[in-house]
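Only one structure is covered here, and it is reproduced in the block below.
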Amino acid sequence: MRGSPPPVPPRPSPAERRDWLAAPARPRPLAAPPRVGAARLAGAARARDPGKMADVGECSRAGPWKSVSLTHVEYPAGDFTGNLLAYLSLGPIFIIVGFVTLIIFKRELHTISFLGGLSLNEGVNWIIKNIVQEPRPCAEIHPSVYSKYAMPSSHAQFIWFFAIYSFLFLYLRMHQTNNARFLDLLWRHVLSIGLLTVAFLVSYSRVYLLYHTWSQVVYGGVVGSVMAVLWFVFTQEILTPLFPRIAAWPLSEFFLIRDASLIPNILWFEYTVTRAEARNRQRKLGTKLQ
């Protein structure tokens, strides 16, 4: 059975029709824009206005944030000495960067061996720390430090290995190559005193900034010094006789790795060779121009 048809709406009167025609036309609603992610909208807004702050949703990422604590050093606010010592305690990082730069541009086997000794020294430090497991003196002040164990101090062990090995290299490996005996010894003494001073200041900075106790720093310095002597003897007696054979490997020739063990003073050698070659090329260039 069919239902009754829907009721027909009443027709408007002539007066209502005139009022409807006289009313202003209503604007048609615009279509909704396509949905874009909040990150893209925030990025577009910053591109138009670089000074605009980041969106709230963009700043609230899940999970806690951590700093690269290997280069994160804290010091008391407003303390100039602490600020200076904080920069000095980053010395091992600068030394590693220097070694990598030297290896890339010089590619000398003894430099590679020196860096290998520093790496072995760090491995020994990690083993001793995990065996002794002595905590830091003020762990609540430095919660973001990358290692919770502190015996022995890795900074002190690293810097004293570097200082003692360099000391032995200056006096036992580099020999005099010119007649300026006094000047040759003077710059070695000055450089050695500078190395030992930096080693002491880096060690002192770890105590001043409350990362280590004096005993942790002293043991680190002793272990680093002993490791430096052992690695220097191992390099001179075991590795140095093998360097010419290693430099002759096809892989070493491909990477231009060289052996300068038989050159007593590589700085003086490179200086004299470069100066002679530059003069020779300048002489040839002058002859061609004439």
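Read-outs throughout are calculated quantities, based only on the coordinates presented, and are distinct from any laboratory measurement. Computed from a prediction, not measured in an experiment: that's the story for all the values here. Cβ sites come from the backbone with ideal geometry, for glycine too, and all protein chains shown count toward neighbours.
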Spacing of the two label points (7 Å from each Cα toward its C-beta) at L262 and L185, in nm
3.0 nm
So for each of 185-194, 215-224 I average, over its residues, the number of other beta carbons within 10 Å; can you give me the resulting order with the highest mean first?
215-224, 185-194
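Using the Cα atoms of segment 200-259 to build a convex hull, what is its mean projected area in square nanometres?
6.0 nm²
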Between T111 and K148, with labels modelled 7 Å along Cα→Cβ, what's the label distance in nm to one decimal, could you check?
4.0 nm
Residues other than I159 with Cβ under 13 Å of its Cβ, Lys/Arg counted +1 and Asp/Glu -1, net out at 0
Multiplying the sequence separation of V218 and T272 by 0.36 nm and subtracting their Cα-Cα distance, what value in nm do you get?
15.2 nm
